[in-house]
1. How would 282, 232 line up from fewest to most surrounding beta-carbon atoms within 10 angstrom?
2. Within a 10 angstrom radius of the beta carbon, how do 148, 184 rank from fewest other beta carbons to most?
3. Which value in nm describes the separation of the simple spin-label points at residue 381 and residue 298, placed 7 Å from the Cα toward the beta carbon?
4. To the nearest 0.05, what FRET efficiency results for residue 338 and residue 432 with a Förster distance of 45 Å applied to their C-beta separation?
5. Summarise the long-distance tail of P(r) for region 183-261 by giving the % of C-alpha pairs beyond 16 Å.
6. Would you mind getting me the FRET efficiency between residue 439 and residue 462? Use the beta-carbon distance for r and R0 = 30 Å, nearest 0.05.
7. Alpha carbon centre of region 246-268 versus region 372-426: separation in Å?
8. Full extension from residue 453 to residue 284: what is 0.36 nm times the residue separation minus their Cα-Cα distance, to one decimal in nm?
């Protein structure tokens, strides 16, 4: 299976996972993983809860922890992998041999940007787990403290220079409402806003909350139902909470409450980070971005994706896209199409690779050649992923590798592109295997169904939970 087909598979599985229950367990917030072996590649992790088993051969496939909204406790997410008995082998004579695109030498982020990398506790003093959201400054990290998986109870600020924490605000829900979960948080110039919903009861309902950026008591701004409750991205202005919906369109509601209104001229637009909007949403996996719109001035910057791009995305100044050929896996250029650069050895997964300050985050190819059987040989010393700074051209490795081709990292969960990437160096991928009846497992319909007992393995995260390594992009020095 070639890399293009793998990316389509990742997108297909990700869409299927949208309807799955939320996982519980010791997971990084929005997890990116790389699972590789010389004799097989695997689509990873949380997609297992969608009852999907997938084995991919001949290329790296990276899938996001793609549950779009928090839904509370559910089955523990495990990396379900079929064994050789479940795979259809490809004769070596049919394998397409191509020269590997070796990744550039990538130093760890702590060496490239030492002032931007720090260690923080993985838990608050009361045992609540921290989930990084974004950075407020070069030394301040905004964290969600969770009493259980994705059950946010308060917002805290951790000062990496002082090693101290401050409670910013409690994150309550509407009085008397059960199964309520606070969703994505966004930091504005004066306020921090978030929205919540009851994802497990099927209601098309959502509400919005704000707290002053300096902290205080959170207050509910208002509630919405129907199409307006299909919230995708949230933000704030000086006097309103703003949000876009999955079908396109941006709405506003006064901070003092009142009737929401659709902002004129925003049909088909999706909020990126106020006041900027784009014409692609979180579910437009393969669609290229065509415009960047300032909603305060309604000024439009047209975006023209280079030929052969798929999922081309722009921040405020720079754009990234996945090329069709191995030589052009990732392309970077300015919004106006100037200063185009080719980034060999890097790969995209889906369309979510733009972070704050227009940094890009990409998976890294570790393939260095093929053995006598045509199987790919990997260099497991390469980082799990790489951050790319288009302003300087710097590359920095992130994530915790297990030394066997596996690893994981997370990005901050803010509604706007986050300014933090993090990982747990104590976390390990552990494979558990057992013999089961083949009938207990389901596989792709176009594959022969195995019979009898087969070896069934699950790879899951274990350990960790003491400390997180965080890269704060607001602390990265930038010079052209």
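Only the coordinates and a few stated rules stand behind these numbers; no lab work does. Treat the numbers as computed from the prediction; the structure is a model and nothing was measured. Glycine gets a Cβ as well: all are built from the backbone with ideal geometry, and neighbour counts include every protein chain shown.
1. Going from sparsest to densest Cβ surroundings: 282, 232.
2. Sorted ascending by nearby Cβ count, the order is 148, 184.
3. Result for the modelled spin labels: 5.8 nm.
4. According to the calculation, E is roughly 0.30.
5. Counting pairs separated by more than 16 Å, the tail of P(r) holds 44 percent.
6. 0.55
7. Cα centroid of region 246-268 versus Cα centroid of region 372-426: 37 Å apart.
8. Extending this stretch completely gives an extra 56.8 nm.
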